[in-house]
Each structure stands twice: as structure tokens, then as C-alpha cells.
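The values are calculated or read from the model by the stated rules, or taken from the named source; none is laboratory data. Everything numeric in this text was worked out from a predicted model, so none of it was measured. Virtual Cβ from ideal backbone geometry, glycine too; neighbours counted across all protein chains shown. Note: areas computed on protein heavy atoms with side chains; ligands, DNA, RNA excluded. Shrake-Rupley method; radii C 1.70, N 1.55, O 1.52, S 1.80 Å.
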Amino acid sequence: ARMARTKSVGSVYYIRQTASTEGYLFEDDFDRKKFIEILAKAKSKFDYKLFSFCLKNCSYEFIIYDNGSDISKIMKSINISYAMYKKKDTPLFKDRYKSSILTSTEELLEISKNLHCSKVDGIWTSKCSYSELDNRFEDLIDSDLLYGIISEDITTAKESYNLFIEDNIDYNELKCEKNSIDLKSGTCIKTKDKAYEKLAVFAKTNNITV
């Protein structure tokens, strides 16, 4: 039996997906470009936040903040869209995607560093979005959100993070201002009663029914 997936709305996830034994996930640059387009389309639909990604021949990995959406629906949209594009006669993916919730700043930054330092052509990791070599993933990667976890001073955070991913300093020298990840909005509605009250006010203001 499948084990229930651990998920919680308003969480940061480390996602891993591998290809089946029948072949590659990404056979060429055109495949990778298409996958990036699919990520962007899903982001527009679900409004998630993406910290980093790495596309290898046989797998992909990324760190994502669900931003209030259901991670299962996000991943279903991404994987189904890519599988439809590939149109293979055999299963494209090996099992379900793997996911784990990240709760500490150290976890987030260490995994992000590993993705950016993977032995892959740099164009297919999000490292360029942080090193400012180019802006090809400017609308996809939420670098400022990650910088904000390190320090409120974005300039300081940029310098520190780039020293970190280049192995010039370790995590302890990074001196993050936060030890845990808390990106949830303080205005979240937590009960159905509160949601109904909010809807009632909105409906009255706009002269419509709930």
C-alpha cells in the first residue's frame, strides 16, 4: 500500500522526480525548454513560488513554496502536462514524485546549493538567477523570497548566498537572520466561519449573494 504523502498548505517542499527505466526525461534542450514553459504555466495557474531547480537527463528536482495551493494539484498539473507533451507509449516517470517538507533555513539553503552545484550545464539550473549572469528565468525564480529568508538587506543576502554556493563560506558563516522558514501570510483565514464572514462582507460590498 502507498504511504500517505506528508503535506501541509503553506509549506516549502523539496521535490524529486525520476524517469522510468525506459529512457530519459529530457532528451535534448528542446525538452528542457518545454518543461520550463510548463513550470511557468503552472506557476501562473497556482501562484506558487519557486526557489531553485535542476534538470538532469533522467530526473528533475526543485524547491517550491505552495503559497496556499495544494502541492498534489500543482505536481499533477506539471507531470501530466509534460507526459502529454512527450507522448510516450511506456510510462514516463518512475513511481510518484518524492517530496519532503523543509522546515529550517539550513535545509533550504543546503539543498538549494546542491541543486545549483550539480554537474549539469548551468543553463538548466536556476543558479544564473542568483549569480545574475543572465535573467532568462527572471519570471520563474523567486530569488528575492529566498534572499529575504537570509537577511532583510537584499544586497547583503545576495552577496552572502553567492559566497555560500561558491563554497567560499559555509552555512554557519552565512549568519542567516532566521533559523526556520515561515512564509505564511498573517492574514490567512483559518476557519470556515471566518471565511463566511469575509465572503459576506465582500458580497454585500459588491451587491451579490454569497
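Across the chain, Cα pairs under 8 Å and at least six residues apart give a relative contact order of 23 percent. Treating r as the C-beta distance of Asp29 and Leu145 and R0 as 25 Å, the FRET efficiency rounds to 0.35. Rounded to whole numbers, the Karplus 3J(HN,Hα) couplings from phi for the range 28-36 are 7, 5, 5, 4, 5, 4, 5, 5, 4 Hz, using 6.51 cos²θ - 1.76 cosθ + 1.60 with θ = phi - 60°, and x at Gly and Pro. All distinct Cα pairs of the range 101-160 go into the 1/r average, and the inverse of that average, the Kirkwood radius, is 12.2 Å. For the range 150-210, carbon and sulfur atoms together expose 49% of the accessible surface, with a 1.4 angstrom probe and every protein chain in place. Take every pair of alpha-carbon atoms less than 8 Å apart whose residues are at least six positions apart; their mean separation over the length of the range 1-67 yields a relative contact order of 47 percent. Hey, with R₀ at 45 Å, roughly what FRET efficiency would Ser104 and Asn207 work out to, going by the Cβ-Cβ distance, to 0.05? That gives a FRET efficiency of 0.40.
Mean residue ellipticity at 222 nm, helices only, the chain: -13000 deg cm²/dmol; runs of at least 4 DSSP H residues each add -39,500 (n - 2.57), and the sum is divided by the number of residues. Per residue, the range 1-157 exposes 52 Å² of accessible surface when a 1.4 Å probe is rolled over the protein heavy atoms with every protein chain present. Overall shape: oblate for the chain, with the ratio a/c of the largest to smallest alpha carbon gyration tensor axis at 1.5 or above and b/c at least equal to a/b. Our summary gives the range 45-121 a relative contact order of 36 percent, counting only alpha carbon pairs under 8 angstrom and 6 or more residues apart. Maximal additional length on extending the Lys194-Ser20 stretch stands at 58.1 nm, based on 0.36 nm per residue less the C-alpha distance.
In this structure the amide hydrogen of Leu102, modeled in the peptide plane, comes within under 5 Å of the amide hydrogens of Val12, Tyr13, Tyr14, none closer than 5 places in sequence on its chain. For the range 85-95, backbone phi angles converted through the Karplus equation (6.51, -1.76, 1.60; θ = phi - 60°) give residue-by-residue couplings of 5, 6, 6, 8, 7, 10, x, 7, 9, 8, 6 Hz, Gly and Pro being listed as x. Projecting the Cα atoms of Thr6, Tyr85, Ser59 onto the charge dipole of the range 1-120, computed from C-beta unit charges around the Cα centre, puts Tyr85 farthest toward the positive end.
For Cys117 and Phe93, the difference between the fully extended length at 0.36 nm per residue and the C-alpha to C-alpha distance is 6.2 nm. Scaling against 2.2 N^0.38 Å puts the C-alpha radius of gyration of the range 1-108 at 1.05. Taking a ≥ b ≥ c as the square roots of the eigenvalues of the alpha-carbon gyration tensor, the range 130-181 is classed oblate because a/c is 1.5 or more while a/b is no larger than b/c.
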